[in-house]
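Below is a structure I'd like to ask you about.
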Amino acid sequence: MIKIGVLTLSDRASQGIYDDISGKAIQNTLQEFIADEIEFIYRLCNDDLHNIINILQELSDTYQCDLIVTTGGTGPALRDVTPEAMQAVCNKMLPGFGELMRSVSLQKVPTAILSRQSAGIRGKSLIVNLPGKPQSIKECLHAVFPAIPYCIDLIGGAYIHAHNHIQVFRPSSNPPENNIITHINKNNHPQMVDVSQKPQTQRVAQACGKIKMNAQAFMSVIEQTNAKGPVIQTAIIAAIMGAKKTSDLIPMCHPLTISSVECDIKELHEQTAFMLQVTIKHTGNTGVEMEALMAVSIGLLTMYDMLKAMDKEMKIYDIMLLSKSGGKSGNFSQNIPMDKK
């Protein structure tokens, strides 16, 4: 769950003179960008410095929002005091956000140079100021959003997954220290890695894979006419069982108490294929990447087993780790590749 605070600053909107379309535009745009479930905490405030400061502190300290987005109050008018409120509440300022947004807006209107919008950090919250017009909001968010998930990673916020059409930037995970092969001990014998000294953190991993088949087999799944029973439901159960049995099949994996397994099977009609996507959560001192990959593999193999009477030439492909978070090695994510014919 990603917590996002949305704060609209407008004297007239707060008085009910007109609807707050800017706040709605922020929420709609972020839902287009972010693949995770979002909890929005919405506030509407007049252009009063003291009120703005109190709401920003509330969204950060009380609600612990990962991201706080404001709209309005960044111009040169006497009542525009959003930048002053930012200076009062933020531990660090990030002027690069404002510079990029102004450069984008200048391509549309010359008055963009009058904007004083910026961004800053308070605790584990990233606060970003946006302009007031809905179209400008979407343009500016599109420009700065690629840097937002990694910034929130760095300050200890929730790990944000983006939809496929949005490219986010995260550095590659660091290699193991001194290139030590941790599954081999000093006597050159196999060993299970000692994770007892690692901190207990929430680990999340997401993996996916695809299975391509002929049209007859594909339609038997869609229409639920397969003689062996409900393919989708059986594959999901198999994926969950596969995740739980990972340490029994991969020699060096630690037995884990998995918190949750979420499976989603999507229909790829043009390819007569299905994509299985699995997200696994666990709180502990080792990751769940192998559990996610195992779940995908077992789920797809189960579909093959139930459909092989109609198509023995089915292909299982593109099994991969999409993202992981938690742990010393840092966060990782990649987009799902284009569907292969």
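Could you give the longest part of the chain that holds none of the GluC sites (Glu not before Pro) found in DSSP loops with at most 14 neighbouring Cβ atoms within 10 Å?
Values: sites that count: Glu37, Glu223, Glu313.
Counting at most 14 other Cβ atoms within 10 Å as exposed, the longest clean stretch of the chain is 38-222.
Only counting other Cβ atoms within 10 Å, I'd like Val69, Val109 sorted with the fewest neighbours first.
Ascending Cβ contact count within 10 Å gives the list Val109, Val69.
Right, next: Size of the range 51-150 along its principal axes in angstrom, Cα-based, largest extent first?
Taking the Cα atoms of the range 51-150, the three principal extents are 38, 34, 22 Å.
So how long is each side of the range 1-118 along the principal axes, counting just the alpha-carbon atoms, biggest first, in Å?
Cα extents, longest axis first: 38, 33, 30 Å.
P(r) for the range 198-333: what percent of alpha-carbon pairs falls in each 5 Å bin, starting at zero?
2, 12, 21, 21, 17, 11, 8, 6, 2, 1, 0
Computed from the coordinates I sent, volume of the Cα convex hull per residue in Å³ equals one of [x] 248; [y] 177; [z] 123. Tell me the label.
Step by step, volume of the Cα convex hull per residue in Å³ for this structure corresponds to label [y].
For the range 289-294, in order, what is each residue's ³J(HN,Hα) by Karplus, 6.51 cos²θ - 1.76 cosθ + 1.60 with θ = phi - 60°, in whole Hz (x at glycine and Pro)?
4, 5, 5, 5, 5, 5
Follow-up. Can you put Arg43, Arg170 in order, fewest other beta carbons within 10 Å first?
Taking fewest neighbouring Cβ atoms as first place, the list is Arg170, Arg43.
Between Lys108 and Thr286, what is the spin-label point distance in nm, taking each point 7 Å from the Cα along the Cα→C-beta axis?
The answer from the label model is 5.1 nm.
Note down the relative contact order for the chain as a percent, whole number, built from C-alpha pairs under 8 angstrom at least six residues apart.
The value is 16 percent.
Looking only at the chain, where both bridge partners belong to it, what percent of the DSSP beta bridges are antiparallel (to the nearest 5)? Let's see the in-between values first.
Numbers: 39 of 57 bridges.
Beta bridges within the chain, antiparallel portion: roughly 70 percent.
While we're on this one: Given the pairs Lys124/Lys198; Lys228/Lys312; Lys24/Lys124, which are separated by over 18 angstrom at their Cα positions?
Lys124/Lys198; Lys24/Lys124
A short reminder: the numbers here are calculations on the coordinates, not readings from a lab. Quantities reported herein were computed from a predicted structural model and do not represent experimental measurements. With ideal geometry, Cβ positions are generated from the backbone for all residues, glycine too; neighbour counts draw on all protein chains shown.
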